[in-house]
1. Rounded to whole Hz and in sequence order, give me ³J(HN,Hα) for the stretch 81-88 from the Karplus expression 6.51 cos²θ - 1.76 cosθ + 1.60, θ = phi - 60°, writing x for Gly and Pro.
2. Rank-order 64-75, 118-129 by packing density, defined as the average count of other C-beta atoms within 10 Å over each peptide's residues, highest first.
3. What are the ³J(HN,Hα) values, in whole Hz, obtained from phi via the Karplus relation 6.51 cos²θ - 1.76 cosθ + 1.60 with θ = phi - 60°, for each residue of the stretch 27-43 in sequence order, with x given for Gly and Pro?
4. Under 5 Å between amide hydrogens, which residues at least 5 positions from residue 113 or on another chain qualify, with H placed 1.01 Å from N in the peptide plane?
5. Sorted by mean Cβ packing within 10 Å, highest first, what order do the peptides 7-16, 30-39 take?
6. What residues have an amide H closer than 5 Å to that of residue 122, excluding those fewer than 5 places away on the same chain, when H is modeled at 1.01 Å from N in the peptide plane?
Amino acid sequence: TYTGSVFFGLASLIDRLGGGDGGDLSVGKSIVMFSYGSGALASMYRLQVRETTASKHAKFSIPKMSSTLQLTQRLESRQKVAANELDLALNTRAEMHHVGAPYTPVYPTEGRLLPGTYYLKEIDGQWRRFYERISVDADVPVVKEEDVPLAPLSVLEKN
């Protein structure tokens, strides 16, 4: 079933209705989660908003999840990219991933990835993948689209 989309829908619901700004995800409310695949499987279950009773569960309160997600603000902060630049970046990435091992990606991470994002650092000669993470506390500078292209500079210089 399409589990990912179900939980993105839940995140959207919490963002829109759970922040206390006129939201209506109060104690006792129910949320029905439903997902189905290509006709073979379906899942449906109910979540119920309840009082947070222990301090160790406070991070799972609706207001806390809403303030942590900041989904609307994050979506509004996306950068517009010209379609031809996106095409070039995606084609370059696809070509680079077919090179084989060892492999080190050359696409930019600085200024393009949010704090806490994991990314592929390299694949060694034994096909082991190594990842790094942008620090959760990283100050991500506000960049203009033209400052940090999606495609690697070496590719852009050829085109």
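Read-outs throughout are calculated quantities, based only on the coordinates presented, and are distinct from any laboratory measurement. As the structure is a computational prediction, the values presented were derived from the model and not from experiment. Note that each Cβ is placed from the backbone with ideal geometry, even for glycine, and that neighbours are counted across all protein chains shown.
1. Result, ordered by residue: 10, 4, 4, 5, 5, 5, 4, 4 Hz.
2. The peptides rank, most packed first, as 64-75, 118-129.
3. Values per residue, Gly and Pro as x: 3, x, 6, 10, 10, 9, 10, 9, 8, 9, x, 8, x, 8, 9, 8, 9 Hz.
4. Hits under the 5 Å cutoff: none.
5. The peptides rank, most packed first, as 7-16, 30-39.
6. 130
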